[in-house]
Amino acid sequence: NCRVRILTFADEIRRGVRHSKETFDQVLSDIDTYERYCTEHPDFMNNKTVAAKAKILDVYSECMDNNDFL
């Protein structure tokens, strides 16, 4: 479920959908949970979220720098 939320959130960002700080905080929590799951299950394929996570973190940093959350 975390992976789906991460990928959906990144897709929304690419389409220009803006988000509140609270929704960013939730997806960052999902990223932590998902990464912990992947660490605990080393045979689980994780390639799908690498770019999505990078995009989310980039946009989050921009929003923090500019105080530009929804």
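Read the figures in this text as sums done on the coordinates, not as results from a lab. This structure is a prediction, so every number in the text was calculated from the model and none was measured. Note: ideal-geometry Cβ built from the backbone for every residue, glycine included; neighbour counts use all protein chains shown.
Quick notes on this structure:
- Test for residue 36: is it in a helix (DSSP H, G or I), surrounded by fewer than 12 Cβ atoms within 10 Å (Cβ to Cβ) and either more than 15 Å from the chain's Cα centre (by Cα) or not acidic (Asp, Glu) (or both): yes
- Residue list for region 1-33, filter: in contact with a Leu (Cβ under 8 Å, 6 or more places away or on another chain), charged (D, E, K, R) and surrounded by 16 or more Cβ atoms within 10 Å (Cβ to Cβ): none
- Residue in region 59-69 that is surrounded by fewer than 17 Cβ atoms within 10 Å (Cβ to Cβ) and of a type in the set (Val, Ile, Thr) present: no
- Matching option when the condition is touching a Ser or Thr at 6+ places or on another chain (Cβ under 7 Å) and among the aromatic types (Phe, Trp, Tyr), among 34, 60: 34
- All positions within region 1-41 that are within 11 Å of residue 52 (Cα to Cα) and of a type outside the set (A, V, I, L, M): 3, 5, 8, 9, 11, 12, 14
Residue-wise test of (1) aliphatic (A, V, I, L, M); (2) in contact (Cβ under 8 Å) with a residue 12 or more places away in the chain; (3) touching a Gly at 6+ places or on another chain (Cβ under 9 Å); (4) assigned to a helix (DSSP H, G or I).
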position: 6; (1), (2), (3), (4): yes, yes, no, yes
position: 12; (1), (2), (3), (4): no, no, no, yes
position: 18; (1), (2), (3), (4): no, yes, no, no
position: 22; (1), (2), (3), (4): no, no, no, yes
position: 32; (1), (2), (3), (4): no, no, no, yes
position: 48; (1), (2), (3), (4): no, yes, no, yes
position: 55; (1), (2), (3), (4): no, yes, no, yes
position: 62; (1), (2), (3), (4): no, no, no, yes
position: 70; (1), (2), (3), (4): yes, yes, no, no
